[in-house]
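The structure under discussion appears below in the form of structure tokens.
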Amino acid sequence: MLFGRTQKNPIKIADKGVVEWQYATCGYCSTGCSIEVGLNADGKPVASRGVADADVNRGKLCLKGIFEHELFASAGRGTQPLIRGHWHDAWQPTDWNSALDKVHDEIRRVQAKYGPDSVAIISTGQMLTEEFYTLGKLTRGLIGTNNYDGNTTLCMASAVSGYKRSFGSDGPPGCYEDFEHTDCLIAWGSNLPEQHPIIYWRMKEAQERRGFPLIVVDPRVTMLAQNAHMHLAITPGTDVVLQNALMHVIFAEGLEDSRYIAANTNGVDELRTLVASYDPVTASKICGIDEDTIRVVARTLAKAGAAMQIWTMGINQSTHGSDGVVGINNLALITGNIGKPGGTSLSITGQCNAMGTREWSSCSGLPNYRYLENPQHREEVAKFWNVDPEFFPKKRGMFQTDIYQAMEAGQIKGMWLIATNPMSSLPNTARIRKAMEKLEFCCVQDCYQDTESAQYAHLYLPAGTWAEKEGVMTNTERRINLINPIATPPGKAKPDLWIFNRVAERFNKDGKLSFPEKAADIFLEMGELSKGRLADISGMNHALLEKNRGIQWPYTAKQAAQGIAPPKGGKRLYTEDGVFSYPDGKAKLIPLPFIDNNETPDESFPFWLNTGRLIEHWHGRTKTGKIGNNNKFSPIPFIEINPDAAAELGIQRGDYVRLVSRRSDALAMAMPTQRVPKNMVFLPFHFHDCANRLTLGLLDPHSRQPAYKQSAVRIERIADQQAAAKLSMEMRKF
Ligand SMILES: Nc1nc2c(c(=O)[nH]1)N[C@H]1C(S)=C(S)[C@@H](COP(=O)(O)OP(=O)(O)OC[C@H]3O[C@@H](n4cnc5c(=O)[nH]c(N)nc54)[C@H](O)[C@@H]3O)O[C@H]1N2
Ligand SMILES: Nc1nc2c(c(=O)[nH]1)N[C@H]1C(S)=C(S)[C@@H](COP(=O)(O)OP(=O)(O)OC[C@H]3O[C@@H](n4cnc5c(=O)[nH]c(N)nc54)[C@H](O)[C@@H]3O)O[C@H]1N2
Ligand code: SF4
Ligand SMILES: [Mo]
């Protein structure tokens, strides 16, 4: 193919010899791009491209999607089940039957000795929905531990909790098409261009066409902030104060939507009373945003025909994470901006299938937003699965973060870790290590063998990943999309669904419960169970999903029977005076008093430690660290540090520094940049044994999500730069 200058030195793109393209959905972030993988004549995946007629990405892919086919043959994949007596022994290969028997026998042994809840099962937002559903049925219906949760506690728990508190149910009400209708966009702690590049492109295109104001609230000058009309460089952890002050101005100036408030909400008087004490002058001293900016933003939001708010981890990962989400919802509700085109409060989710796990994993309850606390829900699911309703716990068990504290305290003795790597992703890893070392039985099921957490396992199960499997995922805007099995897992590795079904056989000897083998059949079973629920998917099937390049829920069997085609563009919940999920159909306005409980910089630890992400890398880099075209951009840990702060510390660009927190220390290279204020460093958390050695990770009281973005550190220039460089190179091996 030729493009650019055709006369002189034309650029030639290598012909990869693709003979067939196969359909899937990108397995990295929650944007949910439709992707095609090109196979050459030998059936080898050699290229990836975006799908042109897919509504989400319209032919585009980002830096991660475009190299995703390289995953199949990447280094470090597990190809064989492994076993050992103690975690510091050498691994021994074993066969699948022995490995699966071991999972069953050890879970039952630990449960018999210490009680049913002494085994924890930790899942993820990165498997396929049919896999989540099957694992949920196995755990809730057969294994019977209540300490079953996912890494979504590190990620979306505050959004889930905030939506439930405001609207009575989880479920993001907006969609990407809202960018095409909005008159004002506020982005709270969300770096779209790097973390959701294709959502950013959708937003940017709409914004260039229609010119709506973009307001970014983020302590860093992110790429999104650089492109904003107004950047509010907030003091970390104080978003709730800014939200209260915005509501103060809206009420004080009579800019609220009284009709909407009266018709659709409860609690406005209590909210008014609380925000009365958050006048802009007082608030500005806490949140660092000047009083006039607060007034301008409040008026811009309230006077917009339709106003939209999005947020990601800058809000969720805080001791006020759940409150921050409620604050966003409060602002949306008092201005009548829910469920209308361009008027919404949209949580941008994180992992590719963080939504699927919320809907179907049974981690925090039962399938399709059913609650363990609700007897009718327990009854419905028990009947459907053919289990005794009394077998279900009557309230949800511990969150992932609390499970680790229970391990420390010796209450949890067994663990099955699936597609998550807590030794890299949980805060304060010294404590996590101690907790993992204490386990009598730890099984790690991961597509890569070389993870930090597998070091503490007694059993390793090699899994397939992404398009080595078949099933669906749900994206940020509730769109369910299909992944076809394009490659086979390496060696003896198996799809996660196969592993769950084989484990289930061992717990289900009398065959009481049914575990369909095929993902397409499981999807239809889920459809049955979804009838009449908020996330009704009974009108969908795998073939229809591929044909439509994904369908947003709800799409019901009734609609399908009436010949109503699945909607093409955006779709919303709680539309115009929509009924919320509380019994009286109204949303709740909730007052949010602010208590400053974070670790803040002081004389000994004078810098805020802000942690987050880079466009080229994915979390612990088990995937992107092995793909040359991703890894080359940032192969080693580095900090963004303000040039003035660097100069005062005698630090040059490229110097290695030691970061010290009250927990531990870590090595990184200094990259001076104006992106961060003088009292802050930003440290991407992608690198082995680095950011989470330092983080404190206080937990949100409602969601139990860690405050990864608010810790304090000091910075020391390392005297022996050569030794530091050597150490840094050694750490790259992971
Ligand atoms: N390339 C890439 N994309 C990803 C991922 C990845 O690993 N790599 N991971 C995916 C996942 S699981 C997730 S959850 C998302 C995360 O997506 P984002 O949340 O957009 O990413 P982060 O870098 O974690 O944090 C976003 C911003 O929060 C800001 N922030 C820090 N403290 C505060 C605060 O107190 N208030 C406010 N308002 N902002 C604050 C940070 O400065 C940072 O710029 O990305 C998804 N997409
Ligand atoms: N300091 C700091 N820490 C953070 C964050 C932060 O912003 N700052 N963000 C938090 C957030 S939002 C998140 S979501 C977490 C992520 O934390 P983790 O879940 O630990 O992150 P990953 O590295 O994506 O781990 C996923 C694991 O699953 C494996 N895997 C991938 N696909 C499959 C599959 O199909 N099957 C199986 N069996 N395995 C698979 C991968 O190899 C990898 O080991 O990190 C959290 N930790
Ligand atoms: S934006 Fe997200 S879903 Fe789309 S290609 Fe990039 S990583 Fe994949
Ligand atoms: Mo996440």
Among the residues of the range 708-734, the number that are closer than 21 Å to H617 by Cα and not in a helix (DSSP H, G or I) is 5
Residue set C155, C175; condition away from ligand 1 (no atom under 16 Å from the Cβ) and touching a residue at least 12 places away in the same chain (Cβ under 8 Å); output residue C175
Among L232, L255, L301, L242, the single one that is crowded, with 18+ Cβ neighbours inside 10 Å and under 24 Å from Y574 (Cβ atoms) is L301
Filtering helices (runs of 4 or more DSSP H) wholly in the range 166-272 for at least 1 residues that are of a type outside the set (D, E, K, R) and within 16 Å of ligand 4 (Cβ to nearest atom) gives 192-195, 197-210
Condition set more than 21 Å from A354 (Cα to Cα) and small (G, A, S), scope the range 313-343, selection nearest to the chain's Cα centre (by Cα): answer is G327
Residue pairs within 6 Å by beta carbon, gap of at least six or interchain, first lying in the range 57-72 and within 16 Å of ligand 4 (Cβ to nearest atom), second modelled with pLDDT under 95, listed first then second, are none
Note: among K494, K469, just one is touching a residue at least 40 places away in the same chain (Cβ under 8 Å), under 22 Å from G32 (Cα atoms), more than 19 Å from the chain's Cα centre (by Cα) and within 11 Å of ligand 2 (Cβ to nearest atom), namely K469
For the range 477-491, the count of residues that are in contact (Cβ under 8 Å) with a residue 40 or more places away in the chain, out of contact with any Cys (no Cβ under 7 Å at 6 or more places or on another chain) and part of a loop (DSSP other than H, G, I, E, B) equals 7
Taking the range 591-617 and keeping only residues that are part of a loop (DSSP other than H, G, I, E, B), modelled with pLDDT of 95 or more, within 29 Å of R662 (Cβ to Cβ) and within 12 Å of ligand 1 (Cβ to nearest atom), one is left with T600, R613, L614, H617
Being assigned to a loop (DSSP other than H, G, I, E, B) and touching a helix residue (DSSP H, G or I) at 6+ places or on another chain (Cβ under 8 Å) narrows A90, A75 down to just A75
Per the filter on the range 130-169, residues among the hydrophobic types (A, V, I, L, M, F, W, C), farther than 22 Å from Q411 by Cα and within 17 Å of the chain's Cα centre (by Cα) are F132, C155, M156, A157, A159, V160
**Request:** Determine whether T349 is crowded, with 19+ Cβ neighbours inside 10 Å, within 16 Å of ligand 1 (Cβ to nearest atom) and assigned to a loop (DSSP other than H, G, I, E, B).
**Result:** yes
Log entry, pairs with first residue in the range 196-208 being not assigned by TED's automatic domain parsing to the domain that holds K60, second being charged (D, E, K, R) and not in a helix (DSSP H, G or I), beta carbons closer than 8 Å, six or more apart or on different chains, reads I198/K60; W201/K60
Just a yes or no: is a residue in the range 123-136 assigned to a strand (DSSP E or B), away from ligand 1 (no atom under 16 Å from the Cβ), among the β-branched types (V, I, T) and buried (at least 20 other Cβ atoms within 10 Å of the Cβ)? no
Residue hits (the range 497-534; within 27 Å of E379 (Cβ to Cβ), touching a Ser or Thr at 6+ places or on another chain (Cβ under 8 Å) and touching a residue at least 40 places away in the same chain (Cβ under 8 Å)) are F500, N501, A504, F515, I522, F523, M526, E528, S530, L534
Any chance the range 585-601 includes a residue that's within 16 Å of ligand 2 (Cβ to nearest atom), outside the structural domain of N57 (by TED's automatic domain parsing) and not aliphatic (A, V, I, L, M)? yes
When every residue in the range 646-686 that is of a type in the set (S, T, N, Q) and surrounded by fewer than 20 Cβ atoms within 10 Å (Cβ to Cβ) is compared, the one nearest to ligand 3 (Cβ to nearest atom) is T673
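The values are calculated or read from the model by the stated rules, or taken from the named source; none is laboratory data. The structure presented is a predicted model; accordingly, all values stated were derived computationally and were not measured. Every residue, glycine among them, receives a Cβ derived from its backbone with ideal geometry; neighbour counts consider all protein chains shown.
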